[in-house]
Amino acid sequence: MSSLMKLRAVDVRFGAVTALSDINLKVAAGQRLALIGANGSGKSTLLRVLNGLVKPSSGSVLRDSSMRQAMMFQRPHMLRASALANVALAQWLRGVPWNKAREQAVLALGRVGLGELAFRNARTLSTGQQQRLALARAWSLKPDALLLDEPTANLDPHAKREVESLMAEFAQAGMTLVFASHNLGQVKRLATRVIYLEQGRILADLPVREFFNGPALAQTSREAELFVKGEMA
């Protein structure tokens, strides 16, 4: 598989706080990579480094020059406008003429099952609908890699299933997924590879089956074993 992104000896510091330390990571095309760890372990910061929103304090980030990427945040921002306009604007900002952007937005909303709500104010949609709208907005950009920060946090079970189903469909179509999650059942269902972070460091980087079923977890750290047992309880 071709490499889309590489991080080499990446450190991120915010003043006296070290958020990431000596991160070495390669993301290959077609992978479904889950970032897990306790709050404050560095998952969100790592996603933002991959996306280019946060610059490393040291180290390097290499990206395939032809790669297109999009990011979906845990609480995606919705403009005070229709669902259609929220998606079309993402296209327009990439240089797509407005009429064409609207056409693409209609397709994207249909793709996530929100076609009938195209002209509803996005801020009046339910939390689950807003997450699907954010996915439509990201999908409309036709990214090679989609980065997601806790994409189903605070959603009810039905909305979680809808978002997970869309993520799985995107992956089946060849999109690379990198997502942070506390839901280890979700990680088992969606990921092919697991990165376990602790205090800004990568302590495990394993195929999903080896991470959950092999002896490597207990060898990673006592904290990792307790984290997984606690989250799966």
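The values are calculated or read from the model by the stated rules, or taken from the named source; none is laboratory data. What you see is a predicted model, and the numbers here were worked out from it, not measured in a lab. Here the Cβ positions follow ideal geometry from the backbone for every residue, glycine too, while neighbour counts run over all protein chains shown. The area values use the complete protein model at the heavy-atom level, side chains included, leaving out ligands, DNA and RNA. Shrake-Rupley method; radii C 1.70, N 1.55, O 1.52, S 1.80 Å.
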Practice task
Examine the range 18-35 for a residue that is crowded, with 20+ Cβ neighbours inside 10 Å and of a type in the set (S, T, N, Q), and state whether such a residue exists.
Solution key: no
Problem - Options 153, 168: the member that is under 20 Å from residue 68 (Cα atoms), of a type outside the set (D, E, K, R) and open to solvent by 10 Å² or more (accessible area, probe 1.4 Å) - result: 168
Handout entry: Given (1) open to solvent by 60 Å² or more (accessible area, probe 1.4 Å); (2) under 22 Å from residue 211 (Cα atoms); (3) not β-branched (Val, Ile, Thr), index of the condition residue 13 fails
Key = (2)
Problem - Residue check, residue 125 aliphatic (A, V, I, L, M), closer than 22 Å to residue 152 by Cα and loosely packed, with under 13 Cβ neighbours inside 10 Å - result: no
Problem - Residue among 17, 61 that alone is in contact with a strand residue (DSSP E or B) (Cβ under 8 Å, 6 or more places away or on another chain) and among the β-branched types (Val, Ile, Thr) - result: 61
Handout entry: Tally, over the range 183-203, of residues that are of a type in the set (A, V, I, L, M), in contact with a Gly (Cβ under 8 Å, 6 or more places away or on another chain) and part of a loop (DSSP other than H, G, I, E, B)
Key = 0
Exercise for the section: Report, by residue number, each residue of the range 70-95 that is closer than 14 Å to residue 141 by Cα, outside any helix (DSSP H, G or I) and either open to solvent by 90 Å² or more (accessible area, probe 1.4 Å) or at pLDDT 95 or above (or both). Expected result: 94
